[in-house]
Amino acid sequence: MILFDKPECPFCWKVRLAIAELGLDVETINYLEPGQEAIWRPLTPNTTVPVLVTDEGVLYESDVIMEYLADLSGTLLPEKREERNTARLLHKYSDQKIGAGLREVIFEKRDNPEANWDMARINQGIERFYQALPFLENELGDQPFFTSCYSFPEAALTARFALAEAYGVELPGAFPQLRKWYKSMKSRPSFNQTKPG
Ligand SMILES: N[C@@H](CCC(=O)N[C@@H](CS)C(=O)NCC(=O)O)C(=O)O
C-alpha cells in the first residue's frame, strides 16, 4: 500500500498512527515531493490527502481509510457494536469539534511571524478547543482507552492534541484524565514512529 501524506496534517497523522499500531507495511510518500502531486491529485475528487492506494482500490477521506484499516485488520474497533458506535462518534468529534478550534490557532500561527498574529482569532480558537474538552474528559473517565481497546479516537485525538501542543496549546490541568491518557499515548512506539520530522 502507498499513503500519500502531509506530515503535519491531523487527518494524515491519524492514519499514520493507525497504520503504525497495526504494524502494516505501507510506503509513505510526502504529498509535496517532486512529481508526486501529479500522481495523487487525480486520485481524489476532493484534492486532499491522505490518499491510500491499495490493491483493492484507491481510498480518500481519512474516516473511510480508518474504516478500511479496521476492516482489513479486524482490530482498531472494539468488538461490541455499542462500543464501535462510541469509537465512531468520538472519531467524528475529534475531526469536527476538536479540529474546529485548533484549526484557527494553527492557521493563524503557521508561517506567520508572531508580530502579525491575530490574538483574538487565536484566543477564540483556544477557547473553542477548551469548550470541547469536558465531553471527552467525561467519556474517557478513568480508563486507558475511550473504548475497550486502542481505537479510532486514540489515533484521531492523539494527532490533534500533539498538534495543539506543537502550537503552544496544552491540555489544561482541569482535565486530568485526558492528560494522563495523552501522556500514555505519547509513550507508545506509534507516536515516535509517526510524528512529523
Ligand atoms: N475530510 C478530509 C480532510 C483532509 C484535509 O483537509 N487535508 C488537507 C491537509 S490537512 C489537504 O489535503 N489540503 C489540500 C492541500 O494541502 O493541498 C479527510 O478527512 O481526509
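The values are calculated or read from the model by the stated rules, or taken from the named source; none is laboratory data. Computed from a predicted model, the values in this text were never measured in an experiment. Glycine gets a Cβ as well: all are built from the backbone with ideal geometry, and neighbour counts include every protein chain shown.
Tabulated results
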read-out	value
In region 36-88, residue surrounded by the most Cβ atoms within 10 Å (Cβ to Cβ) [restricted to those that are more than 12 Å from the ligand (Cβ to nearest atom) and small (Gly, Ala, Ser)]	Ala87
Hey, Ala156 closer than 21 Å to Ile126 by Cβ, among the aliphatic types (A, V, I, L, M) and exposed (fewer than 15 other Cβ atoms within 10 Å of the Cβ) or not	no
Residue within region 94-106 that is over 15 Å from the mean Cα position of the chain (by Cα) and either under 29 Å from Leu69 (Cβ atoms) or at pLDDT 95 or above (or both) present	yes
Ile2 vs. criteria modelled with pLDDT of 95 or more and either surrounded by fewer than 22 Cβ atoms within 10 Å (Cβ to Cβ) or away from the ligand (no atom under 13 Å from the Cβ) (or both)	yes
Residue in region 73-88 that is within 13 Å of the chain's Cα centre (by Cα), modelled with pLDDT of 95 or more and among the acidic types (Asp, Glu) present	no
Filter pass, Tyr150 being of a type in the set (Ser, Thr, Tyr) and part of a loop (DSSP other than H, G, I, E, B)	yes
